[in-house]
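What follows is a set of notes on a single structure, which appears directly below.
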Amino acid sequence: MAKLLNGKELAKIIYTEIKDESDFLKARNTVPTLGIIRVGNKEDDIAYERGILRNCEKVGIKCIVTELEDNISFENFVKALNVLNNDSKIHGILIFRPLPKHLSENKVKHLISPEKDIDCMNPLNLAKVFEGDLTGFAPCTPKAVMEMIKRYKIDLVGKKTVVIGRSMVVGKPLAMLLLKENATITICHSKTTNLSEVSKDADVLVAAIGKAKFVTEEFVKPGAIVIDVGINIDDEGKLCGDVDFEYVSKIASFITPVPGGVGSVTTAVLLNHVIKAAK
Ligand code: NAP
């Protein structure tokens, strides 16, 4: 039976560290502060915001929410963004996405200050990830995967590592972060032939597909480390990952659960970025 890579427990540890850091900064007259921009009142956004506010309060990060109307003009949106960009008391900015269509994300991403871009929206931060430069802000989910690997002392050097999924939010930047740690990377996607054969060769297998329980035991080498990024709803309406946990956990050496895995660490990473920006 695989050992659990427990995201919930890891997140608790990270939150304790963040609290210590924020106390340290406050003692030096810097209150780490996050500015959130929310356009409209989408239920998902409000639930996400509530979670962030709760966690910010726990760790001593101040959070200021800028609420904007759904039909705000691009010009006024940019004005609101620039208020946060230019306010030296705001250290990190998080824009809830997706934005309404008329607020082109392709334009907005260039306008968020790269030093405050804790969610890696600005291409300058993404470019750093691809250059192997860790001074910027990597996307939070790939960074959460790396945190789990690091904190559980999983050695990546030379390991055959397969990432299934090539999105710019997860798969591609994650492959670059793994490469930086000297793993040997294969990136798979929907056009990969013999996917199960390729993934069965992996010492470390990461699933970032978005298909409930897609990765069955036929995709996994016995003893492999399996990291599940997926967040899906199964046939019974329950939250589940891309990996068929029930069966794969019987043959893997380590596995992340869903819920309680990568997702739990992602918000902790986001708040850690606010501390990094404040420093
Ligand atoms: P995405 O943009 O839809 O990308 C999915 C990737 O999976 C694509 O590269 C796609 O290949 C590949 N894929 C789809 N079907 C496949 C198949 N049958 N065989 C092999 N590859 C296949 O999704 P995403 O944004 O990367 O998210 C992936 C999953 O992670 C989702 O479940 C999402 O909810 C979850 N997620 C979790 C967190 C977290 O904090 N834990 C954060 C973000 C996302 P093509 O490129 O060829 O289409």
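Some notes on this structure:
- Global form of the range 140-263, assessed from the alpha-carbon gyration tensor, a/c cut-off 1.5: rounded
- Spatially proximal aspartates and glutamates relative to LYS221 (Cα-Cα < 12 Å; intrachain offsets below 8 disregarded): GLU197, ASP201, ASP203
- Between the range 115-149 and the range 226-243, the C-alpha centres lie 25 angstrom from each other.
- Listed residue pairs exceeding 19 Å between alpha carbons, taken from LYS79/LYS128; LYS150/LYS200; LYS58/LYS153; LYS19/LYS279; LYS26/LYS62: LYS79/LYS128; LYS150/LYS200; LYS58/LYS153
- Rounded to 5, percent antiparallel among DSSP beta bridges of the chain: 5
- Percent accessible area from carbon and sulfur atoms, the chain, protein chains only, probe 1.4 Å: 53
- Within straight-line reach of LYS107, meaning a Cα separation under 18 Å, sit the following aspartates and glutamates at least 8 residues removed in sequence or on another chain: ASP70, GLU75, GLU115, ASP117, ASP119.
- Mean-position separation - Cα centroids, the range 155-201 and the range 63-102, in angstrom: 34
- An oblate overall shape is assigned to the range 31-101, the ratio a/c of its alpha-carbon gyration tensor axes (a ≥ b ≥ c) being 1.5 or greater and a/b not exceeding b/c.
The values are calculated or read from the model by the stated rules, or taken from the named source; none is laboratory data. Nothing here was measured: the structure is a model prediction, and the numbers come from that model. We work out accessible area using only protein heavy atoms, side chains counted, and drop any ligands, DNA or RNA first. Shrake-Rupley method; radii C 1.70, N 1.55, O 1.52, S 1.80 Å.
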